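What follows is one structure encoded as structure tokens, with my remarks underneath.
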Amino acid sequence: MTPPTLPQPLRRAGRRRTLLGAALAVALTASLAACSSDGSPAPSSGTASAAGPVTLEFWTWSLKGSDPAAKAIVDKYHQLNPNVTVKLSEVGGTTETASKLLAADQAGDTPDVVQIEYRGLPALVVAGAAKDITADVAGVKANVDANIWAQTTFNNQVYGVPQDIGPMVLTYRKDLFDKFGVQVPTTWEEYAKAAEQIHKKDPDAYIASFAANQLEFFAAHAAQAGAQWWSTDGSAWKVGIGSEASLKTADFWQDLVQRDLVKVEPLLTPEWNAQVNNGKILSWAAAAWAPSVIYSVAPDTAGKWESAPLPQWTKGQAAVPFLGGSTYLVPAKSKHAKEAAAFAAWLGASDEGSKLLLGLDLFPGANAGRQATLTHEPPKLMPQQKDFYQVTDQVIKNTTIPVTWGPNVNVAQTAFGDALNKAALDKSSFRAVYQATQQAVVADLQKSGYTVTQ
Amino acid sequence: MPATSAGRRTRLRAASTPWLFASPAIVLFTLFLVIPIGYAIYLSFRGFRVEGGGAFGRRVQAFVGLDNYTTALSDPEYVAGLGRVLLYGLISIPTVLGLALLFALLLDTPRVRARGFARTAIFLPYAVPGVIASLLWGFLYLPSTSPITYLARQLGAGPLDFFGFPALYFSLANIALWSGVGFNMIIIFTSLRAIPTSVYEAARIDGASELQIAWRIKIPLVAPALVLTGLFSVIGTLQLYSEPATLRPMTTTISSSWVPLMKIYQEAFSNDNLGGAAAASVVLALGILVLSLLLLRFFQRRTFGDNA
């Protein structure tokens, strides 16, 4: 039905060209003269600079230069767009990437595509380091569900294309839960009971570690309880870290820590790894990416784990927020912004790109990649749990709570993590930690000149 | 008259010669020290402020006066970090220098065997980078991976907590000890070897024992080296960073701003507050400078007497 020489995504690109062209016409003026629907083969051929070969510098930790699968993705794109070569470089996680990008932005020499976790995006937007790519990626918006796309949109302007998402699940040791006769908790109340049972059966074992530096988890946990740590109210910010709903979650953890039912221990330390390997830490409430993390430190425990939907505050409810996941942004000072946005749209949101991301053990944000998970083998940690991706797919549909992040997440991160660690050690008030973080975040916003409402 | 002009030329040349010789150093000093310091001071008066209203108003750099300095000095975490560093220094500096001096004196005794081997063995840990050393010790401290804890458990003792208070300070000082003794020992040992042997011979003729020679002759004569290593240790202590930063992910007792440099790093690279980090750096640098000068003055009077 179509010429066999034309690969799949190009046909789609062709179909989208009119829409994309219309958007570009608004955004650009004279330079667009070269752009026409003359059947030029690549979606990135819209600008004059595309005439010559372009090298896109791509900062990412998901696509590692040493990984053949990542290399194949880059080569594939080059094959589809012979003018565009993508160069991978790994500069660290979200914190490192953000600070390096800000430095690069000041120096005026930025990369072209940058991977960043959703929570890091607002800070880069207000720093002016991320480009508004609403028009460039309008064509692929329909390929991504609204609750996922919303994570990259501020003030109706799109600043990123989702790469992967974190549907929240409880990943637990099925064998040990069975052995101890513990039911998989569906509410946080049951979770506390399960923690009690486990610790009673084996005094060295804990349901989970309490990792105070996991700001994102505590934000998600509070969001589930109805709190919004950051939100906008017109042109003002609202901070809800010290709100009553949020403080309720502080009380929940304080109780578990005080009764020694969770182990106060950061994640992924040699200590944590050993405890997980030895069956002394029995679960991790995180997202669908948790199994591959656990597998990387405890491959011998594969086959003993399963994942279930996250416990709820109210029995019977199912709503959760996303936890983690990241997006591709185009730096404001990228010299090849058009090509960069086209590449980001292809990798993150095209059918082909998002399926390739699944091959990297990521949970793709776009529909095609998500569809592909349903027929995908379960993660290596739980080869026996055949319905793993059915469970996560249902979780994504239930992910109706938006977690909004503010421009100073890092300020909260350090203030919160340090103070919560201290409170856990001293057995002092967790509520006070949440309230102090609230104050620190509000003070920092005000110092920068933002309006903060109560 | 030609003679005068020639004289002037010679005088001019004579005046410019030192500058000519000094110029490479001056250029390098300016490029890599004066300008960066100047820029840091400039940055310390600047901060990000919102331009244009709205929740997503852009943050731009602006002059903020002494804001960053008042914030740094009134920040309880920064001040507490200085306190932690002092406590750590009180433990680590005397032990490191004491052991370094002891080893240097032992190596310098006349009938010591395997001197070369011992010197290399003691010095070797210094060649291990601080981050690697911290990781090595970290594994030895963590309950699940530590052979020390394993042995303690086998012997019936409870699990040892190397990261509690005040054990943490000793755990950190131990890393400094392990890697720092060798370096300081070499400096003291070198200075010991520079003492003319005739001094010892005279002492022996007078009937002094080796212990007396060490106490009354060697130690007073290597005092300048001790002052030097002491100064290095004080500066190194105030700049403590890699050990706690490397151990931090392994424990909850080390906060992300545990020592001043960690606080500065955090402000600059995770809070995106270069101005605040610059101000805190300037404060720290001034503190180190003042402390070093005071120490030098104090010890100069005592060790070098009147000729200082």
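Looking only at region B:53-99, filter to residues that are touching a strand residue (DSSP E or B) at 6+ places or on another chain (Cβ under 6 Å) and assigned to a loop (DSSP other than H, G, I, E, B); which one of those is farthest from the other protein chains (Cβ to nearest Cβ)?
Step by step, filter region B:53-99, then rank; the result is B:VAL64.
Please go through region A:87-138 and give me each residue that is within 12 Å of another protein chain (Cβ to nearest Cβ) and out of contact with any helix residue (DSSP H, G or I) (no Cβ under 8 Å at 6 or more places or on another chain), ordered by number.
Scanning region A:87-138 gives A:GLY93, A:LYS100, A:ALA103, A:ASP105, A:GLN106, A:VAL125, A:VAL126, A:ASP132.
Go through region B:24-41 and report how many residues are under 26 Å from B:THR70 (Cα atoms) and either of a type outside the set (Ser, Thr, Tyr) or touching a residue at least 40 places away in the same chain (Cβ under 8 Å) (or both).
8
Quick grid of which residues meet (1) over 19 Å from B:ASN174 (Cα atoms); (2) of a type in the set (Val, Ile, Thr); (3) out of contact with any Ser or Thr (no Cβ under 6 Å at 6 or more places or on another chain):
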| position | (1), (2), (3) |
| --- | --- |
| B:LEU86 | no, no, yes |
| B:SER92 | no, no, yes |
| B:THR109 | yes, yes, yes |
| B:ARG119 | yes, no, yes |
| B:ILE132 | no, yes, yes |
| B:GLY138 | no, no, yes |
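Residue-wise test of (1) part of a helix (DSSP H, G or I); (2) within 30 Å of A:GLU96 (Cα to Cα); (3) at pLDDT 95 or above.
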residue	(1), (2), (3)
B:ALA202	yes, no, no
B:ALA214	yes, no, no
B:ILE219	yes, no, no
B:THR253	no, yes, no
B:ASP272	no, yes, no
B:ALA279	yes, yes, yes
B:PHE298	yes, no, no
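Quick check on this structure: which one of A:ALA208, A:ALA219 is more than 14 Å from chain B (Cβ to nearest Cβ), more than 19 Å from A:GLN435 (Cα to Cα) and in contact (Cβ under 8 Å) with a residue 60 or more places away in the chain?
On inspection, the qualifying residue turns out to be A:ALA208.
Within region A:84-98, work out how many residues are crowded, with 17+ Cβ neighbours inside 10 Å, within 20 Å of A:GLY353 (Cβ to Cβ) and out of contact with any His (no Cβ under 8 Å at 6 or more places or on another chain).
Residues in region A:84-98 being crowded, with 17+ Cβ neighbours inside 10 Å, within 20 Å of A:GLY353 (Cβ to Cβ) and out of contact with any His (no Cβ under 8 Å at 6 or more places or on another chain): 2 in total.
Would it be correct to say that B:ILE195 is surrounded by 12 or more Cβ atoms within 10 Å (Cβ to Cβ), among the aliphatic types (A, V, I, L, M) and without any contact (Cβ under 8 Å) to a residue 40 or more places away in the chain?
Considered against the rule, which asks whether it is surrounded by 12 or more Cβ atoms within 10 Å (Cβ to Cβ), among the aliphatic types (A, V, I, L, M) and without any contact (Cβ under 8 Å) to a residue 40 or more places away in the chain, B:ILE195 comes out as yes.
So A:LYS131 fits all but one of (1) of a type in the set (Lys, Arg); (2) surrounded by 16 or more Cβ atoms within 10 Å (Cβ to Cβ); (3) more than 24 Å from B:ASP272 (Cβ to Cβ); what number is the exception?
Of everything listed in (1) of a type in the set (Lys, Arg); (2) surrounded by 16 or more Cβ atoms within 10 Å (Cβ to Cβ); (3) more than 24 Å from B:ASP272 (Cβ to Cβ), A:LYS131 misses just condition (3).
Only one residue in A:LYS200, A:LYS179, A:LYS193 is over 24 Å from the mean Cα position of the chain (by Cα) and either more than 26 Å from A:GLN385 (Cα to Cα) or outside the structural domain of A:LEU268 (by TED's automatic domain parsing) (or both), so which one is that?
The unique qualifying residue is A:LYS200.
Hey, A:ASP444 hits all of (1) over 28 Å from A:THR186 (Cβ atoms); (2) in a loop (DSSP other than H, G, I, E, B); (3) charged (D, E, K, R) but one; which does it fall short on?
(2)
Go over the candidates B:PRO224, B:PRO244, B:PRO249 one by one and state the one that is assigned to a helix (DSSP H, G or I), in contact (Cβ under 8 Å) with a residue 40 or more places away in the chain and over 25 Å from B:LEU107 (Cβ atoms).
B:PRO244
Within region A:404-443, which residues are at the interface with chain B (Cβ under 9 Å from one of its Cβ atoms) and surrounded by fewer than 20 Cβ atoms within 10 Å (Cβ to Cβ)?
A:LYS422, A:LEU425, listed by residue number.
Do we find a residue being more than 14 Å from every other protein chain (Cβ to nearest Cβ), out of contact with any Pro (no Cβ under 8 Å at 6 or more places or on another chain), over 23 Å from B:LEU172 (Cα atoms) and surrounded by 19 or more Cβ atoms within 10 Å (Cβ to Cβ) anywhere in region B:219-236?
Scanning region B:219-236 turns up at least one residue that is more than 14 Å from every other protein chain (Cβ to nearest Cβ), out of contact with any Pro (no Cβ under 8 Å at 6 or more places or on another chain), over 23 Å from B:LEU172 (Cα atoms) and surrounded by 19 or more Cβ atoms within 10 Å (Cβ to Cβ).
Evaluate the following for B:SER74: is it touching a residue at least 60 places away in the same chain (Cβ under 8 Å) and of a type in the set (S, T, N, Q)?
So B:SER74 fails the test.
To keep it simple, each residue is scored yes or no on (1) at pLDDT 95 or above; (2) surrounded by fewer than 24 Cβ atoms within 10 Å (Cβ to Cβ); (3) not polar (S, T, N, Q).
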site	(1), (2), (3)
A:TYR328	yes, no, yes
A:LYS333	yes, yes, yes
A:GLY359	no, yes, yes
A:ALA368	yes, yes, yes
A:HIS376	no, yes, yes
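Being closer than 22 Å to B:ASN271 by Cα and within 14 Å of chain B (Cβ to nearest Cβ) is the filter; apply it to region A:139-159 and report the residue that is farthest from the chain's Cα centre (by Cα).
Filtering region A:139-159 for residues that are closer than 22 Å to B:ASN271 by Cα and within 14 Å of chain B (Cβ to nearest Cβ), the one farthest from the chain's Cα centre (by Cα) comes out as A:PHE154.
Does A:TYR389 satisfy the criteria of being more than 14 Å from every other protein chain (Cβ to nearest Cβ), in contact (Cβ under 8 Å) with a residue 40 or more places away in the chain, part of a helix (DSSP H, G or I) and among the hydroxyl-bearing types (Ser, Thr, Tyr)?
no
In region B:148-165, what residues are in contact (Cβ under 8 Å) with a residue 12 or more places away in the chain and surrounded by fewer than 15 Cβ atoms within 10 Å (Cβ to Cβ)?
Residues satisfying the conditions are B:ILE148, B:PRO159, B:GLY164, B:PHE165.
Determine, yes or no, whether A:LEU381 is crowded, with 23+ Cβ neighbours inside 10 Å, within 14 Å of another protein chain (Cβ to nearest Cβ) and either small (Gly, Ala, Ser) or on the phi < 0 side of the Ramachandran plot (or both).
No.
Among (1) modelled with pLDDT under 95; (2) surrounded by 15 or more Cβ atoms within 10 Å (Cβ to Cβ); (3) not aromatic (Phe, Trp, Tyr), which single condition is B:ALA100 missing?
So B:ALA100 meets the others, but not (1).
Which condition number does A:ALA285 fail, the rest of (1) within 30 Å of A:THR453 (Cβ to Cβ); (2) surrounded by 20 or more Cβ atoms within 10 Å (Cβ to Cβ); (3) away from chain B (no Cβ under 11 Å) being met?
If we test A:ALA285 against (1) within 30 Å of A:THR453 (Cβ to Cβ); (2) surrounded by 20 or more Cβ atoms within 10 Å (Cβ to Cβ); (3) away from chain B (no Cβ under 11 Å), just (1) comes out false.
Here's a check for you: in region B:250-282, which residue that is among the small types (Gly, Ala, Ser) and more than 9 Å from chain A (Cβ to nearest Cβ) is surrounded by the fewest Cβ atoms within 10 Å (Cβ to Cβ)?
B:SER281
Filter region B:6-27 down to residues that are surrounded by 11 or more Cβ atoms within 10 Å (Cβ to Cβ) and within 27 Å of the chain's Cα centre (by Cα), then give me how many there are.
Selection size over region B:6-27: 1.
Sort out which residues of region A:364-421 are under 30 Å from A:ALA298 (Cα atoms) and of a type in the set (Ser, Thr, Tyr), and write them in order of number.
If the condition is that a residue be under 30 Å from A:ALA298 (Cα atoms) and of a type in the set (Ser, Thr, Tyr), then A:THR373, A:THR375, A:TYR389, A:THR392, A:THR399, A:THR414 are the ones that fit.
Does A:LEU420 satisfy being out of contact with any His (no Cβ under 7 Å at 6 or more places or on another chain), aliphatic (A, V, I, L, M) and not in a loop (DSSP other than H, G, I, E, B)?
For A:LEU420, the condition - out of contact with any His (no Cβ under 7 Å at 6 or more places or on another chain), aliphatic (A, V, I, L, M) and not in a loop (DSSP other than H, G, I, E, B) - is met.
The values are calculated or read from the model by the stated rules, or taken from the named source; none is laboratory data. As the structure is a prediction and not an experimental result, all values here were calculated from the model. Here Cβ is always computed from backbone atoms with ideal geometry, including for glycine, and neighbour counts include all displayed protein chains.
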